[in-house]
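Below: the structure, in structure tokens.
Coordinate-derived values only; no laboratory data. Computed from a predicted structure; not experimentally measured. Please note: Cβ atoms are built from the backbone with ideal geometry, for glycine as well, and neighbour counts cover all protein chains shown.
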Amino acid sequence: MASAADTAGAVTAVPLELTDKDAHDVTLRRLEAGAYEIRTTGADPYLFTEPIASTFDPARQHVLAFEFFSATGTNAFQVFLGPPVSEAHSVSGPGLSRSEGWSSHAVDLKPALDRFGRSPRVLRLDFGSSAGKTVQIRALRLRPQTEQEVRLAARRAALRASEKALETRLRDYLDRAYPCRVTRVSVDDKQVLVEGETAGEPGSLFLAEVPLHEPVTELSRFPSLEPIPTNAAGRFSIRLDRRRKQGEREHDRLLSRWAVVREANGGKFELLSHARYADAVRPRADLPEERPRNKKGIGGITHAGPVSDLDDLGVAAGTVNIVVNGAVSTVPGPGRTPFPYAGRTWYAEDRYLEQLDKTLLEAAKRRLVMSAIVLIGQAGDAPAGAFGRLIAHPDADPAGIFAMPDVSSQEGLEAYAAALDLLAARYSRPDGKYGRIHHWILHNEINAGWVWTNAGEKTALLYMDLYHKSMRAAHLIARQYDPHARAFISLEHHWTLTPTDRFYAGRELLDLLVTFSQAEGDFPWAIAFHPYPQNLFDPRVWEDTEAAFTLDTPKITFKNLEVLDAWVKQPRNLFQGKHRRTIHLTEQGLNSPDYSEKSLRDQAAGMAYAWNKIKGLDTIEVFDYHNWVDNRGEGGLRIGLRRFPDDKDDPLGKKPIWFLFQALGTDNEEKSAAFAKSVIGIRDWSEIRHRGPIR
């Protein structure tokens with residue numbers, strides 16, 4: 001948590017406290033460690049700070065900053081200076097995002113301070129215009145702008161107009177029916193084979209290389225061009241070296257697309273086809289495909305957890321979080337091992353990888369099918385050239401817990417690819433020396449991207465353009481080492497509903513991913529979905545009212561998982577028009593509001609309900625329960641199979657849901673889950689399964 005000791009430059013932040021004096025349409029409750037819980041009770045919720053310290057310097061400390069946790073978010077957020085309070089002396093902006101992790105929020109008060117003309121004595125904080133919202137806040141303070149915020153402010157002004165034009169051209173590119181086609185791209189250790197059709201197009205035709213990081217719609221010149229010789233049927237086949245020298249560096253054409261272009265006036269070229277990624281990559285070894293023995297898994301496995309559960313619960317799968325900033329450095333040092341990628345030397349962080357090895361070796365002992373959740377830390381104020389600065393997207397707002405990788409520049413892509421290549425090579429060895437990663441989840445809950453995979457303010461199309469490139473890079477790099485590895489898109493439970501500003505609809509992102517795949521070559525991506533109850537704090541998921549049995553449902557929760565199953569089965573969404581895409585439920589759990597008998601019973605009943613939903617859905621391969629253990633950093637949620645490690649009565653104690661989860665998929669399942677029928681209000685599990693059409 002930030003404190004009064006936080007500094008930017010030499011200026012110390014001024015801490016602020018909240019008061020319920022003169023509060024309106026809110027309740028305020030103090031929590032531990034200086035945090036607050038704010039609940040809105042009417043349409044005009046606001047409260048005030050205590051008087052601001054006299055040390056406040058409005059010329060320097062003009063950013064109001066805090067961390068927040070909210071399962072509801074707010075529809076707006078406004079800050080007033082006072083007294084007196086007036087609209088002219090306020091700053092308004094988007095609401096607080098729905099965030100199930102502690103997120104940062106910052107508001108630059110400089111425009112209002114300039115108009116106010118003096119130091120305010122208090123601030124009024126307005127939390128939108130709706131009742132029923134809950135927000136926890138901590139580390140409330142006034143501070144200077146950070147270096148990252150200064151950089152972003154300069155970039156935003158330049159980006160606004162250019163991104164609008166880019167979106168128009170990108171949409172036209174995706175929708176256009178081009179006369180020529182690249183039909184297949186194959187990559188082996190030394191060469192790239194590109195095949196296609198020119199359909200008798202006149203003029204000088206060339207095969208153009210489009211590096212992954214380049215925007216295909218913006219290029220009129222290309223790093224390499226090969227004349228296209230065609231046969232009588234207008235088909236062509238061209239072999240190229242896989243690696244292309246680029247000054248002192250080297251570009252791996254595994255991460256390039258290929259398009260047909262025609263020479264136009266002025267030495268420029270026009271696109272005559274979509275640009276296609278590699279369809280097939282020859283792996284260094286034919287690793288055997290491993291599929292989970294059953295549907296049970298644990299999310300966020302770590303060797304430091306109660307690993308005996310992996311045996312006792314009978315799980316067959318799991319996830320592991322990898323913040324790649326911790327795995328690689330750009331500078332040598334003790335405990336760092338050099339490795340080459342893209343013609344330069346990078347440095348693996350030995351201690352980080354050794355800890356990851358321990359987790360994956362524990363999983364390998366039990367033959368768990370493991371999926372890595374690839375996370376990118378924020379660049380913050382990392383210096384130019386540092387790995388954290390290279391890999392994070394330059395538009396990422398510090399409000400996000402994690403960032404989108406920079407797949408829009410050569411240096412950024414090389415940093416990201418170097419990390420992926422290091423990890424894929426290490427954890428796809430035929431001898432399994434360090435354990436195995438079977439699949440790659442990119443990154444976390446991208447429909448809540450502002451919080452979990454921040455790329456700045458982007459439309460859904462431009463956001464998916466970045467994310468699709470990240471998925472392609474992971475897919476192509478992983479397939480060099482494991483022919484069965486899949487890249488997964490990560491989505492939380494909002495389907496067509498966008499609960500706060502800067503959210504995306506999950507279905508819209510999926511539809512866009514299908515569009516990119518159809519245009520630039522399909523690949524077997526899969527879905528990592530998080531079907532939490534509509535209210536994360538309420539385990540009685542069968543009472544959800546926002547989970548309908550239509551393709552337009554606002555949310556997909558445990559109650560209506562049949563909708564996700566139906567979406568996957570639609571002809572447009574099939575891989576190559578033939579194969580259903582795999583679904584892993586990789587993060588979800590049921591809350592026990594406290595440790596009372598009723599709460600624990602409802603939590604376990606919710607698990608029995610969810611399990612009996614997924615049992616009959618063959619598109620769902622894995623259910624990774626999250627959280628393994630109750631975590632005090634999750635805003636009061638108790639969604640673990642075990643109690644808090646520091647619980648005063650039964651530290652790390654197994655809850656009733658633990659024993660139920662153990663019984664699922666065994667001969668003891670029916671007996672162990674029978675209690676839940678009366679809690680839910682049914683006589684038979686068949687009553688919870690939707691049988692009708694989903695349209």
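With a ≥ b ≥ c taken as the square roots of the eigenvalues of the C-alpha gyration tensor of the stretch 367-497, please select rounded if a/c is under 1.5 and otherwise prolate if a/b is larger than b/c or oblate if it is not? Taking the square roots of the gyration eigenvalues as a ≥ b ≥ c, the stretch 367-497 is oblate. Here's the picture: a label point sits 7 Å out from the Cα of Val150 along the beta-carbon direction, and within the stretch 368-391 the residues with their amide nitrogen under 16 Å of it are 380-384.
Using only side-chain charges placed at the Cβ, +1 for Lys and Arg and -1 for Asp and Glu, the dipole size of the stretch 114-164 relative to its Cα centre rounds to 100 debye. Ordering Pro15, Pro94, Thr55 by the projection of their Cα atoms onto the charge dipole of the stretch 7-145, which places +1 on the Cβ of Lys and Arg and -1 on the Cβ of Asp and Glu, puts Thr55 at the extreme positive end.
Quick check: from the Cα gyration tensor, does the stretch 177-280 come out rounded (a/c under 1.5), prolate or oblate? It comes out oblate by the Cα gyration axes.
Candidate cross-link partners of Lys613 among the lysines, defined by an alpha-carbon separation under 29 Å and a same-chain spacing of 8 or more, comprise Lys295, Lys296, Lys555, Lys559, Lys569, Lys578, Lys598, Lys654, Lys655, Lys671, Lys677.
Extending 7 Å from Cα along the Cβ direction at Glu218 and again at Lys648 yields two label points whose distance is 5.8 nm.
Partner lysines whose Cα lies under 21 Å from the Cα of Lys190, excluding those fewer than 8 positions away in the same chain, are identified as Lys245. What FRET efficiency comes out for Ala280 versus Ala304 if R0 is 35 angstrom and r is the Cβ-Cβ distance? Round to the nearest 0.05. The value I calculate is 0.35.
Full extension of the chain between Phe659 and Glu87 gives 200.3 nm of extra length, using 0.36 nm per residue less the Cα-Cα distance. Sites listed here are GluC sites (Glu not before Pro) in the stretch 239-272 whose DSSP assignment is loop and whose Cβ has at most 12 other Cβ atoms within 10 Å: Glu248.
Here's how it looks for Lys555: its modeled amide H is under 5 Å from those of Trp495, Thr496, Ala548, which are all 5 or more places away or on a different chain. Near the amide H of His443, within less than 5 Å, lie the amide hydrogens of Ser490, all on another chain or at least 5 residues away, with H placed in the peptide plane.
Estimate the FRET efficiency between Arg572 and Ser678 by the formula 1/(1 + (r/R0)^6), using the beta-carbon distance for r and 41 Å for R0, to the nearest 0.05.
Values: r = 42 Å, r/R0 = 1.03.
The pair Arg572/Ser678 has a calculated efficiency of 0.45.
Take the Cβ atoms of Thr41 and Ala76, set R0 to 22 Å, and the FRET efficiency comes out at 0.85.
Ranked by how many other Cβ atoms sit within 10 Å of their own Cβ, fewest first, the residues Arg141, Arg284, Arg351 fall in the order Arg351, Arg284, Arg141. Computed from point charges on the beta carbon alone (+1 for Lys and Arg, -1 for Asp and Glu), the dipole magnitude for the chain about its Cα centre is near 1040 Debye.
Within the shell of other residues whose beta carbon sits under 12 angstrom from the beta carbon of Tyr609, the net charge comes to +2, with Lys and Arg scored +1 and Asp and Glu -1.
Exposure proxy ranking for Ser119, Ser54, Ser129, based on other Cβ atoms within 10 angstrom of each Cβ and starting from the fewest, stands as Ser54, Ser119, Ser129.
Here Lys21, Lys613, Lys296, Lys654 are placed in order of increasing Cβ neighbour count within 10 Å, fewest first, which gives Lys21, Lys654, Lys296, Lys613.
Sequence-ordered 3J(HN,Hα) estimates for the stretch 349-360 from the Karplus curve with 6.51, -1.76 and 1.60 and θ = phi - 60° stand at 7, 4, 5, 4, 5, 5, 5, 5, 4, 4, 5, 6 Hz, glycine and proline given as x. Neighbours of Ala528, meaning other residues whose beta-carbon lies under 12 angstrom from its beta-carbon, give a summed charge of -3 when Lys and Arg score +1 and Asp and Glu score -1. Every helix of 4 or more DSSP H residues in the chain counts as -39500 (n - 2.57), and over all residues that averages to -7000 deg cm²/dmol at 222 nm.
Compared with the direct C-alpha span, the chain from Ser599 to Glu250 gains 119.8 nm at full extension, assuming 0.36 nm per residue.
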